[in-house]
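Comments concern the structure below.
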Amino acid sequence: MGYSVDMEKKIDQLKTCAAAGDWPGALRIAARFPRLGADKARIERGWEAVARPAFMRQIGKDPDALLADGIAALKSRYSL
């Protein structure tokens, strides 16, 4: 019932995704973090652009721009 010592932390998973160029995966992980500070909206919108691009277009948002902004927020916040 105990936790394994080698369990990978979410932040480590995020950094692994980023290093592999899997930005959608990194955004998916980060969008669920409880404390994102000033970057919260940018990261969540970046993930929403990946998960629901058609909806973002319907509400007049550019999914590619939101994705790029979310990635920029991740890079800045986590020094990636």
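Rule-based calculations on the coordinates, nothing more; no lab input. What you see is a predicted model, and the numbers here were worked out from it, not measured in a lab. Quick reminder, even Gly has a Cβ in these numbers, built from the backbone with ideal geometry, and neighbours come from all protein chains shown.
Taking the number of other C-beta atoms within 10 Å as the exposure measure, put Ile11, Ile59 in order starting with the fewest.
The most exposed by this proxy come first: Ile59, Ile11.
About the Cα centre, and with charges only on the beta carbon of Lys, Arg (+1) and Asp, Glu (-1), how big is the dipole of the chain? Nearest 20 debye, please. Walk me through the numbers before you get to the answer.
Working: 14 positive and 10 negative charges, 51 e Å.
For the chain, the charge dipole is close to 240 debye.
Excluding same-chain residues fewer than 8 positions from Lys9, which lysines have a Cα within less than 25 Å of its Cα?
Filter leaves Lys40, Lys75.
Reachable aspartates and glutamates from Lys61, Cα under 17 Å, same-chain residues fewer than 8 places away excluded?
Filter leaves Glu44, Glu48, Asp69.
When only alpha-carbon atoms are used, what values of Rg and Dmax, in angstrom, describe the chain?
Gyration radius and largest Cα-Cα distance of the chain: 13.7, 49 Å.
Give, in nm to one decimal, the length gained when the segment between Ile59 and Asp22 is fully stretched (0.36 nm per residue of separation minus the Cα-Cα distance). Provide the component values of the computation, followed by the final result.
On the way: separation 37, 0.36 × 37 = 13.32 nm, distance 2.60 nm.
Here the segment from Ile59 to Asp22 would lengthen by 10.7 nm.
Convex hull volume of the Cα atoms in region 40-80, per residue, in Å³?
Details: hull volume 2.1 nm³, N = 41.
Roughly 51 Å³ of hull volume per residue.
Checking understanding here: applying a Kyte-Doolittle mean of at least 0.0 and a length along the axis of at least 18 Å (C-alpha), which whole DSSP H helices in the chain pass?
Span-like helices in the chain: 63-78.
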